[in-house]
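First, the structure itself, so that you have it in front of you.
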Amino acid sequence: MRAAVVRDFNEDLSIETVEDPSCPENGVVLEVAACGVCRSDFHGWVGGHPKVTSGSILGHEYCGTVVEAGALAKHKIGDKLIAPFILGCGDCLACKTGHSNTCESAIVPGFGAPGAYAEFVAVPFDHNLVHLPETMPEALAAGLGCRVTTAWHALTDRANVRAGEWVAVHGTGGIGLSALLLAKMLGARVVVVDVVQEKLDHALTLGADATVNAATENVPDAIREITKGGAQVSLEALGIAQTTNASVECLATLGRHVHVGMPAGDGMMEVNMRAIYSKQLAFFGTRGMPAWKYPSLLEMIERGDVDLTPMLDREVTLSGASAELRSMKGPTRPGTAVITDFSK
Ligand SMILES: [Zn+2]
Ligand SMILES: [Zn+2]
């Protein structure tokens, strides 16, 4: 099969013919229809993710059609499926108590197992996968497995956002845009922060109540003024110190910080503990969403409760993924890129 392989960090992915994946007994092989290009991939591509090395195939947000099914697989050949990026084992206490996104035996294609920047991907633990609704475009569905689900879980299960609350969203990439759209659906008021004015203007057209340009404004001050005292919930979607501090500093007393952005390297960063201490903040880490929450989220999307189409900006080829990763070194365009052409 054709795959985009990491050979040297920071260099174009190498388009190679590699061996087709063998089918796991407890899972399936998907012919990949679409795979999102995510900032987590960028962290791997620059050498900042311990599980991405030379020879790795990235790609953790994908959908596709089953072309091979193992003896113990739950799905069958021909099924069109979306995968949550964290594939829980289904057997451990975390999985059995509904927290499969914290499963210690979880497998994440793209990080430690070959991912979906390829024509085919092997997916073990296929009980995690869900059927792709007929009405949902594949390119849009690809982004659901990572960004939308992560944002949804962060807002609902971690921060428990309530109608009328102010939610600050730091960073308007895939996670940030999803968080904006989903928080609005929940009845919250949303202020978004970015350094690219075009992305802030875009966010306003998508329903953001206010924006703050971090390149020209003091973010915590601006948010405290907009929200008249601070946001109740603040979601950090970049994984860097600057936005983490802006997030805890912009919160009202007893506010909830939700940390979504994957910290690069060893994860050490300087954080304003006085803000956390003196305002008695809650600080939530979060990663992914348990697979069982998928069907209800998909139904809301299908019913039209939330329109996620603005998330998808452009469809690219497999070899075009390199340019998308490279572009993340600087300010990026609004919306996200999805690989939908695996022929070149
Ligand atoms: Zn992702
Ligand atoms: Zn498990």
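The values are calculated or read from the model by the stated rules, or taken from the named source; none is laboratory data. None of these values were measured; they are calculated from a predicted model. FYI the Cβ positions are ideal-geometry reconstructions off the backbone, even for glycines, and counts take in every protein chain you see. For the accessible areas, the whole protein counts, side chains as well, though only heavy atoms, and no ligand, DNA or RNA atoms are used. Shrake-Rupley method; radii C 1.70, N 1.55, O 1.52, S 1.80 Å.
Just checking, does region 8-30 include any residue being under 25 Å from residue 173 (Cβ atoms), open to solvent by 40 Å² or more (accessible area, probe 1.4 Å), under 16 Å from the mean Cα position of the chain (by Cα) and away from ligand 2 (no atom under 16 Å from the Cβ)?
no
Among the residues of region 73-113, what is the count of those that are small (Gly, Ala, Ser), within 16 Å of ligand 1 (Cβ to nearest atom) and farther than 14 Å from residue 145 by Cα?
Of the residues in that region, 3 qualify.
Of all residues in region 46-79, which are buried (at least 24 other Cβ atoms within 10 Å of the Cβ) and either outside any strand (DSSP E or B) or within 16 Å of ligand 2 (Cβ to nearest atom) (or both)? Full working, then the answer.
Residues of region 46-79 that are buried (at least 24 other Cβ atoms within 10 Å of the Cβ), as a first pass: 58-64, 73.
Selection gives 58, 59, 60, 61, 73.
For (1) in a helix (DSSP H, G or I); (2) in contact with a strand residue (DSSP E or B) (Cβ under 9 Å, 6 or more places away or on another chain); (3) farther than 30 Å from residue 249 by Cα, each residue gets a yes or a no:
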residue	(1), (2), (3)
297	yes, no, yes
302	yes, no, yes
314	no, yes, yes
322	yes, yes, yes
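If you don't mind, another one. Considering region 80-96 alone, what residues qualify as being surrounded by fewer than 24 Cβ atoms within 10 Å (Cβ to Cβ) and within 16 Å of ligand 2 (Cβ to nearest atom)?
Of region 80-96, the ones surrounded by fewer than 24 Cβ atoms within 10 Å (Cβ to Cβ) are 80-81, 89-94, 96.
Scanning region 80-96 gives 89, 90, 91, 92, 93, 94, 96.
Sticking with this one: Do we find a residue being assigned to a helix (DSSP H, G or I) and among the small types (Gly, Ala, Ser) anywhere in region 147-161?
As a first pass, look at region 147-161 and keep what is assigned to a helix (DSSP H, G or I): 147-158.
Add one more test, that the residue is among the small types (Gly, Ala, Ser), and what stays is 151, 154.
There is at least one residue in region 147-161 that is assigned to a helix (DSSP H, G or I) and among the small types (Gly, Ala, Ser).
If you go through region 273-295 one residue at a time, do you hit one that is more than 29 Å from residue 215 (Cα to Cα) and among the aliphatic types (A, V, I, L, M)?
Yes, there is a match, as at least one residue in region 273-295 is more than 29 Å from residue 215 (Cα to Cα) and among the aliphatic types (A, V, I, L, M).
State all residues of region 151-192 that are hydroxyl-bearing (Ser, Thr, Tyr) and buried (at least 24 other Cβ atoms within 10 Å of the Cβ); if no residue qualifies, say none.
Filtering region 151-192 down to residues hydroxyl-bearing (Ser, Thr, Tyr) leaves 156, 172, 178.
Selection gives 172, 178.
Still on this structure, please answer the following. Within region 38-45, can one find any residue that is outside any strand (DSSP E or B), at positive phi and either open to solvent by less than 20 Å² (accessible area, probe 1.4 Å) or not acidic (Asp, Glu) (or both)?
No, region 38-45 contains no residue that is outside any strand (DSSP E or B), at positive phi and either open to solvent by less than 20 Å² (accessible area, probe 1.4 Å) or not acidic (Asp, Glu) (or both).
Which of the residues spanning region 103-118 are away from ligand 2 (no atom under 16 Å from the Cβ) and assigned to a loop (DSSP other than H, G, I, E, B)?
Listed by number, the residues that qualify are 110, 111, 114, 115, 116, 117.
Pairs only if they're at least six apart or on different chains, beta carbon under 9 angstrom, first in region 96-121 and at positive phi, second within 13 Å of ligand 2 (Cβ to nearest atom) and open to solvent by 20 Å² or more (accessible area, probe 1.4 Å); list them, first residue then second.
98/292
Yes or no: region 35-42 includes at least one residue that is within 16 Å of ligand 2 (Cβ to nearest atom) and aromatic (Phe, Trp, Tyr).
Looking for residues that are within 16 Å of ligand 2 (Cβ to nearest atom) and aromatic (Phe, Trp, Tyr), one finds none in region 35-42, hence no.
Looking only at region 216-243, how many residues end up being open to solvent by 50 Å² or more (accessible area, probe 1.4 Å), touching a residue at least 12 places away in the same chain (Cβ under 8 Å) and farther than 23 Å from residue 262 by Cβ?
3
While we're on this one: Only residues in region 5-24 that are within 20 Å of residue 42 (Cα to Cα) and among the aromatic types (Phe, Trp, Tyr) count as the first member; pair them with residues that are open to solvent by less than 70 Å² (accessible area, probe 1.4 Å) and outside any loop (DSSP other than H, G, I, E, B), Cβ under 7 angstrom, at least 6 apart or cross-chain, and list the lot.
Pairs that qualify, where the first residue is within 20 Å of residue 42 (Cα to Cα) and among the aromatic types (Phe, Trp, Tyr) and the partner is open to solvent by less than 70 Å² (accessible area, probe 1.4 Å) and outside any loop (DSSP other than H, G, I, E, B), are 9/45.
For (1) in contact (Cβ under 8 Å) with a residue 12 or more places away in the chain; (2) polar (S, T, N, Q); (3) surrounded by fewer than 15 Cβ atoms within 10 Å (Cβ to Cβ), each residue gets a yes or a no:
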residue: 258; (1), (2), (3): yes, no, no
residue: 272; (1), (2), (3): yes, yes, no
residue: 279; (1), (2), (3): yes, no, no
residue: 285; (1), (2), (3): yes, no, yes
residue: 303; (1), (2), (3): no, no, yes
residue: 314; (1), (2), (3): yes, no, yes
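Still on this structure, I have one more. Can you pull out every residue in region 119-135 that is assigned to a loop (DSSP other than H, G, I, E, B) and under 19 Å from residue 152 (Cα atoms)?
129, 132, 133, listed by residue number.
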